[in-house]
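Data block below; observations after.
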Amino acid sequence: MSQWVENIFTAKIAKEDGIVRRKKTTVARYASVDELIAAVKKRKFHMIETGDQFVIVCNTGAIKIVV
């Protein structure tokens, strides 16, 4: 796993069950989408793709889309 992906999950916000977002082009530049997905799955977090962003919910709780 690339250091860039590891840095996402060692950030303070990720450690505090926060939300992390990254542009798709940035992910492609520094890692790969497959690598990011594998890292999210490994941690049992959730990842949403919307527009030009990936949004990672750094929490293992259930997700409910309200609207």
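Only the coordinates and a few stated rules stand behind these numbers; no lab work does. Because the structure is predicted, anything quoted here is derived from the model rather than measured. Note that we place each Cβ from the backbone using ideal geometry, even for glycine, and neighbour counts take in every protein chain shown.
One entry in (1) 20, 59, 19, 1; (2) 20, 32, 27, 17, 4, 0; (3) 16, 25, 17, 14, 15, 11, 1 is P(r) over Cα pairs in 10 Å bins from 0, in percent calculated from the shown coordinates; its label is (1). What you get for segment 3-57, charging only the Cβ of Lys and Arg (+1) and of Asp and Glu (-1), is a dipole of about 80 debye around the Cα centre.
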